[in-house]
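Colleague: Handing you this structure, nothing more for now.
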Amino acid sequence: MIKKLFYFKNFNYKLYFSLIFLSLFPALYETIRTIIVSISADSSSFDIMGHLEWFDLINETLLAFLHIPLYAIFNRVIKNHSEEDFAKVTFKTFLIGFILYCLFSIVIYIKSKSMIVFMNVNEPDIEAVTKYLNLETIAFVIGFIITSINIVIVSRELYKVFIIFAFVKTLLIILLDINLVLKFNVFGVAYSNMIINLLMGILGIFILIKNGLIKLSWFNREDKMIFISYFKIGIFSALQILVDNIVYALMIVKMVNLVAEQGNYWIANNFIWSWLLMPVLALNEVIRTNCKYKDNNQLWNYFRIIFFITILASAAVLFSNIFFEHVERIENHNDVYLIVLKLAPFYIFYALSIIPDNIFIGYGKTLYNLINSIIINFVYYGIVYFLYLKGYIVFNMNTIIIMFGLGMIFHALISYIIFIIKFRHNIFFSNMN
């Protein structure tokens, strides 16, 4: 039994651990950034940066529309077309995606102040928050190039490139943050992001050209079916993320702002996503990429990995207060620790849900994720909001965590119900040993 638990049949170890290695460096530089800001900037800096929590939700929705379809598109091109065709598709999808992303970002840049006021009417320094988020919008536009390149790198399993990217980005963020945060306070973080994204984008494009993974090409009739599929997958994916994020912004982020915990929540959430979920997010990419193979019988491998991740993450949570106090030097580290301690167990269900959710993405079945999103956000959160309006629920940090956590549990249950119904005759359920 024990031997079977540790046996991972045909699992792509190289890709998985390369992705973890790639994720490790961002986690390190986010920690280093937190230390630099806590030492160099005033206490309000974390509250200003905390507004990026809901701002990221807008960016995530745009990326869901423009990037999520690339996994299914690239998987199909790799299986059915030549290397030259892949390079041409890379260029065309990048070009369309970048133009659309820029157009959306211009609107966000112009309307950012209005959105900030809506999300937190009690914000004492609207101008500072607006300036910071406008600078980050520019950084996001430049960063779009890097995230696009990362999808190509994952699809082609270029392990050495992961290491190069991670090392260079970590080195840059340490050098730039130390200088820019000291000089420009919290705005130095945004300036640093802009410069880093620009340099990494240039490096990434050079690597793609050198490996023959991108080629200048004009659009033709043969591209019609590819882009019909691209936009179809993207629309379902974007609608799902949009619904998720609107409800998350209104029911979680706004309520966190109302109870004046945005700084603590931002640090806690950043720890969970940067450290605890690092191996889970790496598994996301492996699951999507594996969908390009005909022999994709990896379901039990995914469950085993989630099991081991849960054990390691549980140990990390227990010692996280030491990390907040002595490494990140957070003044109110006990408050942050309590949020992590209460919130982290619910993420076990998030980790389980990524298996069916990413299989849907890898096969271009994003409609299933949209259906799940509609059920959770309109039924579950609709009931919660109704109870709040009637005075049956009073929001504080504990009720916010419970509300969000139960949402993750119900999401996981619905994902597996859909997965079993739609994929019960698939290879995932054959020879599960």
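The values are calculated or read from the model by the stated rules, or taken from the named source; none is laboratory data. Note that this is a predicted model, so its numbers are computed, not measured. FYI the Cβ positions are ideal-geometry reconstructions off the backbone, even for glycines, and counts take in every protein chain you see.
Colleague: Is it fair to say Ser43 is surrounded by fewer than 16 Cβ atoms within 10 Å (Cβ to Cβ) and modelled with pLDDT under 75?
Modeller: yes
Colleague: In addition: Only one of these conditions is not met by Lys160: (1) in contact (Cβ under 8 Å) with a residue 24 or more places away in the chain; (2) closer than 21 Å to Leu281 by Cβ. Which number is it?
Modeller: (1)
Colleague: Now, a different point. Quick check on the range 60-103: of everything there that is surrounded by fewer than 18 Cβ atoms within 10 Å (Cβ to Cβ) and outside any helix (DSSP H, G or I), which residue is modelled with the lowest pLDDT?
Modeller: His81
Colleague: Tell me the helices (runs of 4 or more DSSP H) entirely within the range 218-320 that contain at least 2 residues that are buried (at least 21 other Cβ atoms within 10 Å of the Cβ) and among the aliphatic types (A, V, I, L, M). I'd like the intermediate steps shown before the answer.
Modeller: Values: elements: 224-248, 254-258, 262-271, 278-290, 299-318.
Correct list: 224-248, 262-271, 278-290, 299-318.
Colleague: Go through the range 104-127 and count every residue that is over 23 Å from Ile145 (Cα atoms) and at pLDDT below 80.
Modeller: Number of matching residues: 13.
Colleague: Select, from Ile173, Ile106, Ile138, the only residue that is assigned to a helix (DSSP H, G or I), more than 21 Å from Leu213 (Cβ to Cβ) and in contact with a Phe, Trp or Tyr (Cβ under 6 Å, 6 or more places away or on another chain).
Modeller: Result: Ile173 is the single residue among Ile173, Ile106, Ile138 that is assigned to a helix (DSSP H, G or I), more than 21 Å from Leu213 (Cβ to Cβ) and in contact with a Phe, Trp or Tyr (Cβ under 6 Å, 6 or more places away or on another chain).
Colleague: Still on this structure, I have one more. Filter the range 163-179 for residues that are in contact (Cβ under 8 Å) with a residue 60 or more places away in the chain and β-branched (Val, Ile, Thr) and give the result.
Modeller: Once the filter is applied, which keeps residues that are in contact (Cβ under 8 Å) with a residue 60 or more places away in the chain and β-branched (Val, Ile, Thr), the range 163-179 yields Ile163, Thr170, Ile173, Ile174, Ile178.
Colleague: Return the pairs, sorted by first residue and then second, in which the second residue is surrounded by 20 or more Cβ atoms within 10 Å (Cβ to Cβ) and not in a helix (DSSP H, G or I), the first residue lies in the range 243-255 and is touching a residue at least 24 places away in the same chain (Cβ under 8 Å), the beta carbons are less than 8 Å apart, and the residues are 6+ apart or on different chains.
Modeller: Lys254/Asn120
Colleague: Mind telling me which of the residues Ser148, Ser114 ends up being assigned to a helix (DSSP H, G or I), free of Cβ contacts under 8 Å to residues at least 40 places away in the same chain and at negative phi?
Modeller: Ser114
Colleague: From the list Ser155, Ser114, Ser148, exactly one residue is among the hydroxyl-bearing types (Ser, Thr, Tyr) and under 19 Å from Leu198 (Cα atoms). Which is it?
Modeller: So the residue among Ser155, Ser114, Ser148 that is among the hydroxyl-bearing types (Ser, Thr, Tyr) and under 19 Å from Leu198 (Cα atoms) is Ser148.
Colleague: Looking for something touching a residue at least 24 places away in the same chain (Cβ under 8 Å), over 16 Å from Ile272 (Cβ atoms) and either in a helix (DSSP H, G or I) or touching a helix residue (DSSP H, G or I) at 6+ places or on another chain (Cβ under 8 Å) (or both) - is there at least one such residue anywhere in the range 335-356?
Modeller: Yes, the conditions are met somewhere in the range 335-356.
Colleague: Quick check on the range 375-413: of everything there that is of a type in the set (A, V, I, L, M) and farther than 24 Å from Pro345 by Cα, which residue is modelled with the lowest pLDDT?
Modeller: If we take residues in the range 375-413 being of a type in the set (A, V, I, L, M) and farther than 24 Å from Pro345 by Cα, then Leu389 is modelled with the lowest pLDDT.
Colleague: Filter the range 176-213 for residues that are in a helix (DSSP H, G or I) and of a type in the set (S, T, N, Q); which is surrounded by the fewest Cβ atoms within 10 Å (Cβ to Cβ)? Spell out how you get there, then give the answer.
Modeller: To start, the set of residues in the range 176-213 that are in a helix (DSSP H, G or I) comprises 176-184, 187-210.
Those left that are additionally of a type in the set (S, T, N, Q): 179, 192-193, 197.
Values: Asn179: 14, Ser192: 25, Asn193: 22, Asn197: 22.
Result: Asn179.
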